[in-house]
Amino acid sequence: ADEDIIREYRDCDDYHLDSRVNREEVAAMAFQIADSCDTISRRSSYRCERIFSDVRSGYSCEIIETLARNDIVTTSKRDRYGHRVFRPYRNITKAEALAMFMDAGDIRFRHEHYDRSPYAYVSGTVAWQKPLIETAYDEDIIDSRSRFHPKASARRSDIFEMALEVIDVCDGGSFSNRSRGGDVEVRIHDITVDEDDDEARIPVVLDRRAD
């Protein structure tokens, strides 16, 4: 809340820290992170052109399309009719949220041969998630590789902590977990893991600001 990423409440219970989070809410937070980290130009990008068929016009459309124009979310996902979709009300996984936040903070994922890494990952961790997890660990965004469950639904407590750590990196925070050079930097953004849709909207704590 002190970083203007979410609205401030007096009672901690009002943050619903154990609630799952949907993609629209995380996109709104990613937008604020990108603005805080000077990753995007809000004035030049803040508009809605209905890129996604499932995103309503207004605030959500403007921020999601701004992220899309700045390669923070992908426009490659399509429904069975060929329309671009964002799936704003689908619950987001920890890996998806982490990737969106790191792209919003312009934190590049180091590409290495993680399949031969000596470090343990949670069972089921797929190839694209390994450089994400490694880089996030290196830069103190997460505190463990082996306890990070990339396919688990993200809770509000998870995304608040990740958002704060990404902003700390943007502000020049020190990387204390491990310092290691990478061969090639790659940008992996907003990769969707197939899961059952959950269209139930949870209470929104994000601050809906006007431009």
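The values are calculated or read from the model by the stated rules, or taken from the named source; none is laboratory data. In this text the structure is predicted, and so the values were computed from the model without any measurement. Because the Cβ atoms are built from the backbone with ideal geometry, glycine has one as well, and the counts that use them run over all protein chains shown. We work out accessible area using only protein heavy atoms, side chains counted, and drop any ligands, DNA or RNA first. Shrake-Rupley method; radii C 1.70, N 1.55, O 1.52, S 1.80 Å.
Quick notes on this structure:
- Across the stretch 44-61, the qualifying residues are those that are at pLDDT 90 or above and among the charged types (D, E, K, R), and the one among them that is surrounded by the most Cβ atoms within 10 Å (Cβ to Cβ) is Asp54.
- Residue count for the stretch 12-43 under the criterion of being at pLDDT 85 or above, more than 15 Å from Ser60 (Cα to Cα) and assigned to a helix (DSSP H, G or I): the result is 4.
- When Phe160, Phe101 are checked against the criterion of being of a type outside the set (Gly, Ala, Ser), open to solvent by 20 Å² or more (accessible area, probe 1.4 Å), within 12 Å of the chain's Cα centre (by Cα) and modelled with pLDDT of 85 or more, a single residue qualifies: Phe160.
- Flag if Ile64 is of a type in the set (A, V, I, L, M, F, W, C), more than 21 Å from Gln129 (Cβ to Cβ) and at pLDDT below 90: no
- Inter-residue pairs, beta-carbon under 7 Å, first closer than 12 Å to His16 by Cβ and in the stretch 156-167, second open to solvent by less than 10 Å² (accessible area, probe 1.4 Å), 6+ apart: Arg156/Val21; Ile159/Val21; Ile159/Val26; Ile159/Met29; Ile159/Ala97
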